[in-house]
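The values are calculated or read from the model by the stated rules, or taken from the named source; none is laboratory data. Since the model is a prediction, treat every value here as computed from it, not as a measurement. Cβ sites come from the backbone with ideal geometry, for glycine too, and all protein chains shown count toward neighbours.
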Amino acid sequence: MSFHSITYNAKYRFATLHNYGCVFRCPVCSYKLHSGPQGRPGYASPKPARFLSTEEIQAALRPLDLATLYFMGGEPSMARNLPELLAFGKNTLGVRTCLGHCNGWKLDYPHLDAANVGLKAWDEQVHRDYTGREKATIFGNFQRAFEAGMELKANVVYIPGFVGLDQVEAIAAWLGGLSRDIPFHVMGYIPVPGQPYSRPTGEQMAQAVAVCQRHLRNVAMSHLSSEDAKNHAARDDRFAVQKVA
């Protein structure tokens, strides 16, 4: 689909464009924490009442004091007007542009400075069961973007019984083969309605971080509860944003 809203954080001088829709079909998508397990495949959140035109987006962004322009989803790289908005961010606003949350479906955009890519699984069958898509596209895109000099971060959701320690470590090892300095974030799975998997324990999360640290220097983790995930602003003022469009 396309971008339906814009939020702004004045303290940290960033705006975020929010896209609707995704090319993946993830049964464990965290957006279902807000919308429940029902809905159209690929659309874990309710459909917005309307979408913003490119002109509306540009008009809303011009008055803001910005250092960074983020694009998030769903999957922001599927938005047809993303190239035009990236160019507007770089050439007109003069800001840093970043896919703040993406699955790596497409990264080779002019005017894109950085991306934070969620790598879902290492084994091909697990990746297909998770996303409905092949692994090679995502990992190939990440490697090409890295080799082209893009600023990259990666993350994985640790889901015991689905995306286990072996999957998490294999991804970390692959990243380490590119560079041991790529930042990597291990997120503890937050149970999604209708799915059989449990939230990892604190001990399991510590093990996941430890195996990743064998391969990477900069490993972080988060281990949120369902309630934490629904109220990020209470924990981190970077999520304290106002809606501007």
Can you name every residue in the stretch 81-104 that is over 28 Å from Val157 (Cβ atoms) and touching a residue at least 12 places away in the same chain (Cβ under 8 Å)? Asn81, Pro83, Glu84, Ala87, Phe88, Gly89, Lys90, Asn91, Thr92, Leu93, Val95
Which number in (1) farther than 19 Å from Phe142 by Cβ; (2) modelled with pLDDT of 90 or more; (3) part of a helix (DSSP H, G or I) marks the one condition that Arg50 misses? (3)
Could you look through the stretch 123-158, keep only residues that are touching a residue at least 24 places away in the same chain (Cβ under 8 Å), farther than 25 Å from Gln207 by Cα and small (Gly, Ala, Ser), and pick out the one that is surrounded by the fewest Cβ atoms within 10 Å (Cβ to Cβ)? Ala148
State the number of residues belonging to the stretch 186-234 that are among the small types (Gly, Ala, Ser), modelled with pLDDT of 95 or more and exposed (fewer than 12 other Cβ atoms within 10 Å of the Cβ). 1
State all residues of the stretch 55-108 that are small (Gly, Ala, Ser) and either buried (at least 20 other Cβ atoms within 10 Å of the Cβ) or more than 17 Å from Ala245 (Cα to Cα) (or both); if no residue qualifies, say none. Ala67, Gly73, Gly74, Ser77, Ala79, Ala87, Gly89, Gly94, Gly100, Gly104
Considering the stretch 101-138 alone, what residues qualify as being part of a loop (DSSP other than H, G, I, E, B), more than 16 Å from Met78 (Cβ to Cβ) and not hydrophobic (A, V, I, L, M, F, W, C)? Pro110, His111, Asp113, Lys120, Asp123, Glu134
Looking at (1) surrounded by fewer than 22 Cβ atoms within 10 Å (Cβ to Cβ); (2) touching a residue at least 40 places away in the same chain (Cβ under 8 Å); (3) closer than 19 Å to Ala206 by Cβ, find the lone condition where Gly161 falls short. (2)
In the stretch 158-217, the residues that are under 20 Å from Glu124 (Cα atoms) and of a type in the set (Asp, Glu): Asp166, Glu169
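Yes/no matrix, rows are residues, columns are (1) over 30 Å from Leu165 (Cα atoms); (2) touching a helix residue (DSSP H, G or I) at 6+ places or on another chain (Cβ under 8 Å); (3) of a type outside the set (Val, Ile, Thr):
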position	(1), (2), (3)
Gly73	no, no, yes
Gly94	yes, no, yes
Thr97	yes, yes, no
His101	no, yes, yes
Glu124	no, yes, yes
Gly140	no, no, yes
